[in-house]
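The values are calculated or read from the model by the stated rules, or taken from the named source; none is laboratory data. Because the structure is predicted, anything quoted here is derived from the model rather than measured. Don't worry about glycine lacking a Cβ; one is built from the backbone with ideal geometry, like all the others, and counts go over all protein chains shown. SASA here: full protein model, heavy atoms, side chains in, ligands and nucleic acids out. Shrake-Rupley method; radii C 1.70, N 1.55, O 1.52, S 1.80 Å.
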Amino acid sequence: MNTRLSFLVVIALILFSCESKKLKSEAEKQTKSFFSALKEGNETKMKELYSDFTKFDSYFKSDSVNISTVNYKDNIVTVSARNRFTNGFGKLTEKDIFLFFKQDSVGQLKLFDSKGLTGFDEKDEYIFGVGTGCLNTAIDTTDQQILKAIKKAEKVMVGKALDVWIELKKDIVVSDWSWESGYQGSASGKGIVKNNSTFSVPSLKYKITYKTNSGDEITSDNGYVTYDLFQAGESKSFTFYTSYVGNASRASIELLFDDDTIFKYLVNKEWTGNECDDYFTENPDKLSELE
């Protein structure tokens, strides 16, 4: 290597070192500001420092933080911080949180991603996303990567929810029921529900609609077949009472499967891991909605 080239290399290394030091110093400064806002619960300030913070449904709180390391590699500054928080019951939680910074188009250092700022493991969409292949735990490791994958999972969940509703309506049925008028316009009755599905349903509800002889609705009432988990293959008997049904002479009954029941079914179902790719292959327009 000639003298002039060696000189240029040395100058470049010095400039890189100075730029690296400057960016690391700025990242550390922004990190302290962010955790100060986190401690105060100042979401306006947190969103100002971290624009994608708006995508979080929840986040871990902070009492104090110690910056562990500040590294610069591939134009990204990574700050590792040890966060501490004591809840109202006196339980101390310590965890490592990582903040990732890079320069924007005008050279300003911006916080663009994080890791460990919120928890995902217990979220239904996360569990469903892992099972269906929308989320790859080996690749989707930062908060924003996981949030993006969860958005895909939500699309697939909604897409499959109707199929699940149809399946549950078909396989969980009222096999027998009856009702009769009672004292001062009341009504009472009993029934049996059979769970022919492979899914155990939590807190199954029913709805009874009381009608005139011509079929016009007078009133409706609802309640629980059981508050317990209604196991797959099980039958349950139940009774009901409605305080006033007017001059009703007819009635119909239906089982109610709310969103929570359907989504729990989707979360607990065993998947092959190909469902996410299959869904977006069949529905490419849904993938473009995520952009």
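Please verify whether the stretch 256-277 includes one or more residues that are in a strand (DSSP E or B) and of a type outside the set (Lys, Arg). Yes: one or more hits.
If you take the residues of the stretch 175-214 that are at pLDDT below 90 and not hydroxyl-bearing (Ser, Thr, Tyr), which of them is least open to solvent (accessible area, probe 1.4 Å)? Checked the stretch 175-214; the qualifying residue least open to solvent (accessible area, probe 1.4 Å) is VAL201. For TRP177, the stated conditions hold: it is farther than 26 Å from VAL65 by Cβ and outside any helix (DSSP H, G or I). Of the residues screened, SER220 is not one that is within 30 Å of ALA149 (Cβ to Cβ) and either in contact (Cβ under 8 Å) with a residue 60 or more places away in the chain or surrounded by 12 or more Cβ atoms within 10 Å (Cβ to Cβ) (or both).
Only residues that are aromatic (Phe, Trp, Tyr) and closer than 17 Å to SER181 by Cα: list them for the stretch 195-231, please. Result: TYR210, single match.
Can you name every residue in the stretch 117-141 that is crowded, with 17+ Cβ neighbours inside 10 Å and not in a helix (DSSP H, G or I)?
LEU117, THR118, PHE120, LYS123, GLY133, CYS134, LEU135, ASP140
Does GLY159 satisfy the criteria of being in contact (Cβ under 8 Å) with a residue 60 or more places away in the chain, open to solvent by less than 60 Å² (accessible area, probe 1.4 Å) and out of contact with any strand residue (DSSP E or B) (no Cβ under 6 Å at 6 or more places or on another chain)? For GLY159, the condition - in contact (Cβ under 8 Å) with a residue 60 or more places away in the chain, open to solvent by less than 60 Å² (accessible area, probe 1.4 Å) and out of contact with any strand residue (DSSP E or B) (no Cβ under 6 Å at 6 or more places or on another chain) - is met. Residues that are within 13 Å of LEU204 (Cβ to Cβ) and either without any contact (Cβ under 8 Å) to a residue 24 or more places away in the chain or not aliphatic (A, V, I, L, M) (or both) within the stretch 247-260 comprise GLU254, PHE257, ASP258, ASP260, listed in sequence order. Entry remark, the stretch 224-235: residues being part of a strand (DSSP E or B) and either on the phi > 0 side of the Ramachandran plot or crowded, with 16+ Cβ neighbours inside 10 Å (or both) number 1 in total.
SER68 falls short on exactly one of the conditions (1) open to solvent by 60 Å² or more (accessible area, probe 1.4 Å); (2) of a type in the set (Ser, Thr, Tyr); (3) under 20 Å from ASP143 (Cα atoms); (4) outside any strand (DSSP E or B), and that condition is (4). Checked against (1) aliphatic (A, V, I, L, M); (2) open to solvent by 60 Å² or more (accessible area, probe 1.4 Å); (3) under 16 Å from LEU168 (Cβ atoms), LEU287 passes all but a single condition, namely (3). Would you confirm whether or not the stretch 99-108 contains a residue that is exposed (fewer than 12 other Cβ atoms within 10 Å of the Cβ), among the aliphatic types (A, V, I, L, M) and modelled with pLDDT of 95 or more? Checking the stretch 99-108: not a single residue is exposed (fewer than 12 other Cβ atoms within 10 Å of the Cβ), among the aliphatic types (A, V, I, L, M) and modelled with pLDDT of 95 or more.
Exactly one residue among THR69, THR141, THR93 is out of contact with any helix residue (DSSP H, G or I) (no Cβ under 6 Å at 6 or more places or on another chain) and within 19 Å of SER20 (Cα to Cα), and that residue is THR69. Exactly one residue among THR198, THR226 is closer than 20 Å to LYS169 by Cα and without any contact (Cβ under 8 Å) to a residue 24 or more places away in the chain, and that residue is THR226. Return the residues of the stretch 236-246 that are without any contact (Cβ under 8 Å) to a residue 60 or more places away in the chain and open to solvent by 70 Å² or more (accessible area, probe 1.4 Å); say none if nothing qualifies. Of everything in the stretch 236-246, those that are without any contact (Cβ under 8 Å) to a residue 60 or more places away in the chain and open to solvent by 70 Å² or more (accessible area, probe 1.4 Å) turn out to be SER237, THR239, TYR241, SER243.
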